[in-house]
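Chemist: Before anything else, here's the structure in question.
Laboratory data are not the source of any read-out in this text; all were calculated from the coordinates shown. Source: prediction; values computed, not measured. Neighbour counts run over all protein chains shown; Cβ positions are idealised from the backbone, glycine included.
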Amino acid sequence: MSDYPSYTLVLADLLAEREALRNLERQVAKELQQREDEEDTKRRERLDEFRMTDDVRKLLAAKLKHAISCGETELMLLSFASEFCSDGGRAVASASPSNPGHGAQHLNGEPSWLATLPKGMYSLYCFWRDCLEQGGFGFEARIVCYPEGRTGDVGLFVTWPPSASRHVN
């Protein structure tokens, strides 16, 4: 019977250790979530603040020329998490790729999904509209992955007809 009190103390110590470990796990999880939130905020800011520069235009032109010369019919300009769209990517996901404008149009002729993208993406659209559209290039946004059945990343693409590769080189 004399071992009974020491057994109770050992059990109490084990329970206290277990609770301390749980608290530590909760704290670590909270800190990781804070870091992820901060990184997401920085990514969103970079997308919102993106602007076309001469260097970016030159880079895109070189990538387009290379893709066309390789017989490709599209180039993904960039991708980002659909959660960075104001509607979580729903407008992009529901846009119809079979429509030439790729979805419902606003009164100004722009695709309706454009207004849901991060602000800086409008400069990519303007680059396409001002420099590429008259050359027969298209501009599309699509959901490029569906992790676990959910809307994943949005990709922004410049497209062109297969016949364009005959005119390069």
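Chemist: On the first, second and third principal axes, largest extent first, how far apart are the outermost C-alpha atoms of segment 54-167 in Å?
Modeler: 39, 34, 30
Chemist: In addition: Sort M76, M121 so the one with the fewest other Cβ atoms within 10 Å of its own Cβ comes first.
Modeler: Working: M76 14, M121 22.
Fewest to most other Cβ atoms nearby, the residues stand as M76, M121.
Chemist: Right, here's the next one. Which value, in debye to the nearest 20, describes the size of the charge dipole of the chain about its Cα centre when Lys and Arg Cβ atoms bear +1, Asp and Glu Cβ atoms bear -1, and nothing else is charged? Don't skip to the answer; put the middle values down first.
Modeler: Numbers: 20 positive and 26 negative charges, 161 e Å.
The dipole of the chain has a size of about 780 debye.
Chemist: Counting helices only, and only those DSSP H runs with n ≥ 4, report the 222 nm mean residue ellipticity of the chain as the sum of -39,500 (n - 2.57) divided by its residues, in deg cm²/dmol to the nearest 500.
Modeler: Numbers: 4 runs with 75 residues, N = 169.
It lands at -15000 deg cm²/dmol.
Chemist: Give me, ordered by chain and number, the residues 5 or more places off L78 or on other chains with an amide H under 5 Å from its own placed amide H.
Modeler: Hits under the 5 Å cutoff: L156.
Chemist: Where does the charge balance sit around G120 when Lys and Arg score +1, Asp and Glu -1, over other residues with C-beta under 14 Å from its C-beta? Don't skip to the answer; put the middle values down first.
Modeler: Values: positive: K42, R43, R44, R46, R51, K119; negative: E45, D48, E49.
Overall, the nearby charge balance is +3.
Chemist: Tell me, in nm to one decimal, what length is gained between R57 and S6 on full extension, where the rule is 0.36 nm per residue of separation less the Cα-Cα distance?
Modeler: 10.8 nm
Chemist: What is the local net charge at D48, summed over the other residues whose Cβ is closer than 13 Å to its Cβ (Lys, Arg +1; Asp, Glu -1)? Don't skip to the end; give the middle numbers.
Modeler: Numbers: positive: K42, R43, R44, R46, R51, K119; negative: D40, E45, E49.
Taking every Cβ under 13 Å from that of D48, the sum is +3.
Chemist: Still on this structure, I have one more. With θ set to phi - 60°, apply the Karplus curve 6.51 cos²θ - 1.76 cosθ + 1.60 along segment 139-150 and write out the HN-Hα couplings as whole Hz, x wherever there is a Gly or Pro.
Modeler: Once θ is set to phi - 60°, the couplings for segment 139-150 become 9, 9, 10, 9, 7, 9, 7, 10, x, 6, x, 9 Hz.
Chemist: Express in % the proportion of alpha carbon pairs of segment 1-49 at distances exceeding 13 Å. Intermediate values should be presented prior to the final figure.
Modeler: Values: 822 of 1176 pairs.
In whole percent, the long-distance tail amounts to 70.
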